[in-house]
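**Student:** Got a structure for you, questions after.
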Amino acid sequence: MAAPLPPAPLDDDPPQDLTLPPLEAAVEKRSVSIQGHRTSVSLEAPFWRVLKRAARARGISLGALVAAIDAARRVDRVNLSSALRLFALAEAESRAAVALSDPESTLRGPSEDPSDQL
């Protein structure tokens with residue numbers, strides 16, 4: 001059996017050329033109806049923007065998208081807020097992959113809704 005690798009050394013000094021986006025976002029609480037029951041979900045504003053864009057691209061309401069994600073999640077393993085964040089991350093990764101493979105595709109995407117800007 002091979003010996004385990006030693007842990008990587010920790011470097012407390014971040015790279016000087018590292019550019020990060022804003023790492024703070026207001027949490028927004030929204031009420032949604034899922035299978036006839038009202039519930040509220042708290043997510044950071046950028047996640048709501050991605051979810052709204054995804055719903056619009058699919059031609060459905062934000063509530064319908066949230067309900068679909070809720071129906072697809074494993075209730076015993078993932079809470080609704082986490083499921084929505086994971087969906088939004090996958091959606092953003094997918095859009096980024098398409099943009100990298102076909103830069104013109106971002107010009108053909110769904111029009112931006114002013115409500116996406118917070």
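**Student:** So, in segment 27-54, how many residues would count as being under 12 Å from Leu84 (Cα atoms), of a type in the set (A, V, I, L, M) and more than 12 Å from the chain's Cα centre (by Cα)?
**Tutor:** Counting residues in segment 27-54 that are under 12 Å from Leu84 (Cα atoms), of a type in the set (A, V, I, L, M) and more than 12 Å from the chain's Cα centre (by Cα) gives 1.
**Student:** Pairs only if they're at least six apart or on different chains, beta carbon under 6 angstrom, first in segment 78-92 and touching a residue at least 12 places away in the same chain (Cβ under 8 Å), second surrounded by 16 or more Cβ atoms within 10 Å (Cβ to Cβ) and in a loop (DSSP other than H, G, I, E, B); list them, first residue then second.
**Tutor:** Pairs found: Ala83/Arg73.
**Student:** Between Ala71, Ala96, which is modelled with pLDDT of 85 or more, part of a helix (DSSP H, G or I), within 15 Å of the chain's Cα centre (by Cα) and not aromatic (Phe, Trp, Tyr)?
**Tutor:** Exactly one of Ala71, Ala96 is modelled with pLDDT of 85 or more, part of a helix (DSSP H, G or I), within 15 Å of the chain's Cα centre (by Cα) and not aromatic (Phe, Trp, Tyr), namely Ala96.
**Student:** Specify the residue that is farthest from Arg49 (Cα to Cα); the eligible residues are those in segment 74-85 that are charged (D, E, K, R) and surrounded by fewer than 17 Cβ atoms within 10 Å (Cβ to Cβ).
**Tutor:** This residue is Asp76.
**Student:** Please find, within segment 42-68, the residue that is surrounded by the most Cβ atoms within 10 Å (Cβ to Cβ) out of those that are part of a loop (DSSP other than H, G, I, E, B) and among the small types (Gly, Ala, Ser).
**Tutor:** Ser61
**Student:** Continuing with this model, one more query. Between a first residue in segment 48-63 that is at positive phi and a second residue that is surrounded by fewer than 20 Cβ atoms within 10 Å (Cβ to Cβ) and aliphatic (A, V, I, L, M), which pairs have beta carbons less than 9 Å apart while being 6 or more apart in sequence or on different chains?
**Tutor:** Nothing qualifies.
The values are calculated or read from the model by the stated rules, or taken from the named source; none is laboratory data. Everything numeric here is computed off the predicted structure, so don't read it as measured data. Don't worry about glycine lacking a Cβ; one is built from the backbone with ideal geometry, like all the others, and counts go over all protein chains shown.
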